[in-house]
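The values are calculated or read from the model by the stated rules, or taken from the named source; none is laboratory data. Just so it is clear, the structure is predicted and the values come from calculations on it, not from any experiment. Heads up, the Cβs are rebuilt from the backbone with ideal geometry, glycines too, and the neighbour counts pull from every protein chain shown.
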Amino acid sequence: MPDLALDFRYLRFAIAAAEHGSFRQTALALEVSQSTVSRRIQLLEHRLGFELFQRDRSGAHLTSAGKNFLKEAAPGMHQLRRAVQLAAARHRGEVGELNIGTSASLATGFLHLALKEFRESHPGVKITLFEGTAQESLHRLAVGQLDVIFVTGEHALAGHVAEVLWNERIFFALPTNHKLASKSELAWQDVKGESFVVSSGGPGPEIQACLMKTLADIGSHPAIDVHDVSRESLMDLVAIGYGLTVTSTSAVRTTVTGVVFKALVGEAEHLPLRAVWSSSNANPALQNLLKLAKLVARKSA
């Protein structure tokens, strides 16, 4: 019975020789000596127990047994090579999957740029996004449903790394006909006594907590209505006079009809955007994303 402990390097030489029909041409193509080609094919034939090639002055031609053998063996060789290439690409983080949670806007800003550049540089990585509140994202991260989350504010999770990548300025969104719309910037004192609207999803709960704490510190207890709507619909509510809301740089849009955005005076780079991920997550694509995100943050700073 043939020795099945075959060296795939020998098989590679045999496949190449069958394609070129000559040991000399095979040696030139593989950039080795002709004696190396001949020796390795002879070793392969010895292990198999039969000749693969008939040698003559015109070259090397497959025997009947050689044709049958390579017909069956070559696909397996190519499949193995493909498996090695895919495994190596996954190890480098060039292919694979990433599940990302965020409560931040992807319209503009740091996270928009980071995900855009990652898509361009790692097209083989499938990204699935989950958008929810910070607490929902933290829960999914804790149970292993997400690889990383990007959230605003201060968040910590046992066994996880939390790193500030970016800081965003705070803005007030108000109707264009509002009495404060003509001011270039606003202070918390300016919005004392105003009504606010927030969303129940995304960063809404954090915005609500921020409003209650900050305005309470200056003696105000704001009226805050919570709506189960998207960011876009929330801005529509602002436009038609349901109340003001608070947002950050990445969510500011200059084309929202009926809404103007005013920066919070003296609070530049106030809202930190954190990446949170498990210290035991060995997904190479995650490390590539974090590396790129930090680079984008440095460039944009």
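Table: residues versus (1) part of a strand (DSSP E or B); (2) touching a residue at least 24 places away in the same chain (Cβ under 8 Å); (3) closer than 30 Å to Trp188 by Cβ; (4) among the basic types (Lys, Arg).
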| residue | (1), (2), (3), (4) |
| --- | --- |
| Phe118 | no, yes, no, no |
| Pro123 | no, no, no, no |
| Ile127 | yes, yes, no, no |
| Phe130 | yes, yes, no, no |
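Within the stretch 122-179, being among the hydroxyl-bearing types (Ser, Thr, Tyr), outside the structural domain of Gly201 (by TED's automatic domain parsing) and either out of contact with any Leu (no Cβ under 9 Å at 6 or more places or on another chain) or modelled with pLDDT of 90 or more (or both) holds for Thr128, Thr133. Scanning the stretch 209-259 for residues being part of a strand (DSSP E or B) and under 34 Å from the mean Cα position of the chain (by Cα) gives a total of 8.
Of all residues in the stretch 128-138 being buried (at least 16 other Cβ atoms within 10 Å of the Cβ) and not polar (S, T, N, Q), which is nearest to the chain's Cα centre (by Cα)? Spell out the reasoning first.
Residues of the stretch 128-138 that are buried (at least 16 other Cβ atoms within 10 Å of the Cβ), as a first pass: 130-134, 136-138.
Remaining after also requiring not polar (S, T, N, Q): 130-132, 134, 136, 138.
Values: Phe130: 12, Glu131: 14, Gly132: 17, Ala134: 19, Glu136: 19, Leu138: 17 Å.
Applying the filter and picking the extreme gives Phe130.
Of the residues making up the stretch 19-67, those that are under 20 Å from Phe8 (Cβ atoms), part of a helix (DSSP H, G or I), within 46 Å of the chain's Cα centre (by Cα) and not acidic (Asp, Glu) number 10. The single condition from (1) more than 20 Å from Gln135 (Cα to Cα); (2) at pLDDT below 90 that Leu244 fails is (2). Can you find a residue in the stretch 55-68 that is within 30 Å of Pro284 (Cα to Cα), of a type outside the set (Phe, Trp, Tyr), at pLDDT below 85 and surrounded by fewer than 19 Cβ atoms within 10 Å (Cβ to Cβ)? No, the stretch 55-68 contains no residue that is within 30 Å of Pro284 (Cα to Cα), of a type outside the set (Phe, Trp, Tyr), at pLDDT below 85 and surrounded by fewer than 19 Cβ atoms within 10 Å (Cβ to Cβ). Here is a check on your reading of the model: is Ile207 farther than 22 Å from Val276 by Cβ and assigned by TED's automatic domain parsing to the domain that holds Asp236? No; evaluated as a whole, the condition is false for this residue.
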